[in-house]
Amino acid sequence: MAGIGIRLNKIFKRHTLVHTLYGSGYSMLATVTPMLVVIGTMLLMYIFLGFETVRYYDRELFSCTILYVFIFSLLTASPFNSVLSKYVGDRIFEERYEDILPCIYVGMTLNMGLAALIGIPFHIWALVVGEIPLYWVFTAFCAFIGLGLCFYQMLYLSIVKAYKMISLFFTTGMALCFVLALVFRFLIGMSITYSMLLGMTIGFFVIACLEFGFTKTYFHENSHHYREVLGYFRIYWKLIFTNFFYILGLFIHNFVFWTKDDMRMVLANTYVCNQPYDMASCIAMFTNLSASVIFIAYVEMHFHSRYQQYTEAVLGGRLKDIVKAKKRMFRFMADQLMRVTQLQYIISVVLFLLCIIFLPRFGMTGLVMAIYPCLAAGYFVLFLLYTIILFLQYFNDLTGSMLTSLIFAAATCIVSIFAKGFPDYWYGIGVFVGSIVAWSFAYARMRWLERHLDAHIFCRGTLLEKKNNPMPDPKVYDLRERRRAQKEAANAR
């Protein structure tokens, strides 16, 4: 995030609370604008198209469709993004830019293949069992594919630091979505909910096309090295599970509460949701969203200089220089983790108080506000957990990061199952406990890595170049053959 890092350095270096909060808000707006634009567009469509006049079934069908589109688009993209990001970063470091386009095509094929593998059976079920109209099912599937393409293409724009272009493309696509929804409703005469769904579907595809076209302006040469991309999935398979389990952990507690009989809603024998719990989760996520943004845009930028000093000491420094650089690096990392925690605590408390005061005036009362506090505490730890996972990957501890994500998802799921029988204000305890357990494991893993960093750095290399060739003959010496040759030599003399 060096693109916004320069601006953030100018803000944060003043070391005042006002400028700290301003920098945090700036970093959030620079990175989460696409999400805010989508939400703002939906609110505008609600107002101008008269969404409140739609019958209850149609409103819930639209809400559940959009909910499923967003959740499962993120889940289907999660197994591939980390590995593809690693591959692109390595190729850029090696200045092999012609290998980026094959990566884009391979990743798109895998991503859309998995999305189709999950989406087609689900939407066939919605059509046959749920008896949802064909036009709605087909449009919902297209929205699912279109948003998946948006999330996928954002990976490459993020790598080239084109955050402003991402925001611009989402603003353009959602503006078109809003205009088309008005046209579909008032000029063509479509229903309100289908006008909104069709407009958003077209908007998602426009965003994906703009992102792909902009990416090709950076990478337009094709080396056709497709198998090399697939080889990265075999080498860095732990990254697949790390990202997938982390994203799964974000939503697995929702899936658990979708099974709570007295709270869940089943629509057309297809869509299952838990409105109070899902709404409380959304509010809690926005309350703590700035933590990961602050870390990536601020902490990691400063930590990189200490990491670079350590690597330079390893390459050409004395032993005492290496030890000193290592201690300074880990001490700085601990300080920055504490600073992120303190800063996020201030932001979360302020946003929590604002939500408690103002949300009830907009109809967010009762069960939603009862569930919200525990979930807010859970998401506070959850986003701090993400910083530890990134640090583990910084030191190439892929096993540690994978186990952390797995523990997070498993603990969240298990505790959430028990939490279904707790009082309503404890419903979100699964996220909190799962995040705490995973964070504790990741921190212990980081401390272990600090103690064994010398072995990790100096003892994992190889002196011989690795090659993929047929294995040579294991026989290196034949005593009988040697004696026979000596005997023949003696007879010849």
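Do the sum for the chain: with -39,500 (n - 2.57) for every DSSP H run of n ≥ 4, divided by all residues, what is the mean residue ellipticity at 222 nm, to the nearest 500 deg cm²/dmol?
Taken over the chain, the calculation gives -27000 deg cm²/dmol.
Excluding ligands, DNA and RNA, what is the solvent-accessible area per residue of the chain at a probe of 1.4 Å, expressed in Å²?
Values: 25020 Å² over 493 residues.
I get 51 Å² per residue for the chain.
Which order do peptides 46-58, 385-397 fall in by mean Cβ count within 10 Å, highest first?
Values: 46-58: 12.8, 385-397: 20.2.
Highest-to-lowest ranking by the protection proxy: 385-397, 46-58.
Obtain the radius of gyration and the Kirkwood radius of the stretch 371-445 from its C-alpha atoms and give Rg over Rh.
Details: Rg = 12.8 Å, Rh = 12.3 Å.
With Rg and the Kirkwood Rh in hand, the quotient comes to 1.04.
So how exposed is residue 369, as accessible area in Å² (1.4 Å probe, rounded to 10)?
Accessible area, nearest 10 Å²: 30 Å².
If the only charges are +1 at each Lys and Arg Cβ and -1 at each Asp and Glu Cβ, what is the size of the charge dipole of the stretch 173-265 around the Cα centre, to the nearest 20 debye?
Numbers: 7 positive and 5 negative charges, 24 e Å.
Magnitude of the dipole: close to 120 debye.
For 168, 157, give the ranking by accessible area with the largest first, probe 1.4 Å.
168, 157
Got a sec to turn the phi values of the stretch 203-218 into Karplus ³J(HN,Hα) couplings, 6.51 cos²θ - 1.76 cosθ + 1.60 with θ = phi - 60°, whole Hz, x for Gly and Pro?
x, 4, 5, 5, 4, 4, 5, 4, 5, 5, x, 5, 4, 5, 6, 8
Express the carbon and sulfur contribution to the solvent-accessible surface of the stretch 105-249 as a percent, rounded to the nearest whole number, probe 1.4 angstrom.
Ligands and nucleic acids excluded, carbon and sulfur reach 75 percent.
What does the charge count around residue 97 come to, taking other residues whose C-beta lies under 11 Å from its C-beta (Lys +1, Arg +1, Asp -1, Glu -1)? Walk me through the numbers before you get to the answer.
Details: positive: 91, 96; negative: 94, 95, 98, 99, 221.
With Lys, Arg at +1 and Asp, Glu at -1, the neighbours total -3.
I'd like to compare 412-424, 223-235: which one has the highest average count of other Cβ atoms within 10 Å, and what's the full order after that?
Numbers: 412-424: 16.5, 223-235: 14.3.
Answer by packing, highest mean first, reads 412-424, 223-235.
Please work out the FRET efficiency for the pair residue 471 and residue 220, using the Cβ-Cβ distance as r and a Förster radius of 30 Å; give the result to the nearest 0.05.
Values: r = 41 Å, r/R0 = 1.37.
Step by step, r from the Cβ atoms, then E = 0.15.
Once ligands and nucleic acids are excluded and a 1.4 Å probe is used, how much of residue 281 is accessible, expressed in Å² to the nearest 10?
Surface accessible to solvent at residue 281 totals approximately 10 Å².
Gap in Å between the Cα centre of the stretch 87-137 and the Cα centre of the stretch 34-68?
25 Å
What aspartates and glutamates does residue 487 reach when the alpha-carbon gap must be under 16 Å and sequence neighbours fewer than 8 apart in one chain are set aside?
List returned: 478.
Along the stretch 421-435, what does the Karplus equation 6.51 cos²θ - 1.76 cosθ + 1.60 (θ = phi - 60°) give for ³J(HN,Hα), rounded to whole Hz, x for Gly and Pro?
Along the stretch 421-435, the couplings run x, 7, x, 4, 6, 9, 4, x, 5, x, 5, 5, 5, x, 5 Hz.
Give the distance, in whole Å, between the Cα centre of the stretch 334-350 and the Cα centre of the stretch 416-440.
Each part reduced to its Cα centre gives a spacing of 22 Å.
Based solely on C-alpha atoms, express the radius of gyration and the Dmax of the chain in angstrom.
According to the Cα coordinates of the chain, Rg and Dmax are 26.8, 111 Å.
Using only alpha carbon pairs under 8 Å that are at least six residues apart, calculate the relative contact order of the chain and give it in whole percent. Display every interim value, and only then the final one.
Working: 549 pairs, mean separation 84.6, N = 493.
After rounding, I find 17 percent.
At 7 Å along Cα-to-Cβ for each site, give me the label-to-label distance between residue 105 and residue 484 in nm.
Between residue 105 and residue 484, the simple spin-label model gives 5.4 nm.
Whenever you get a sec, compute what percent of the accessible area on the stretch 333-382 sits on carbon and sulfur atoms (1.4 Å probe). Could you put the intermediate results ahead of the total?
On the way: 1860 of 2480 Å².
Its accessible area is 75 percent carbon and sulfur atoms.
What is the helix-to-structure angle for 134-159, meaning the angle in degrees between its Cα long axis and the longest Cα principal axis of the chain, kept from 0 to 90 and rounded to the nearest 10?
Computed tilt is about 50 degrees.
The values are calculated or read from the model by the stated rules, or taken from the named source; none is laboratory data. Keep in mind the model is a prediction, meaning the values are calculated, not measured. FYI the Cβ positions are ideal-geometry reconstructions off the backbone, even for glycines, and counts take in every protein chain you see. Quick note on the areas: whole protein, heavy atoms, side chains included, nothing else; ligands and nucleic acids left out. Shrake-Rupley method; radii C 1.70, N 1.55, O 1.52, S 1.80 Å.
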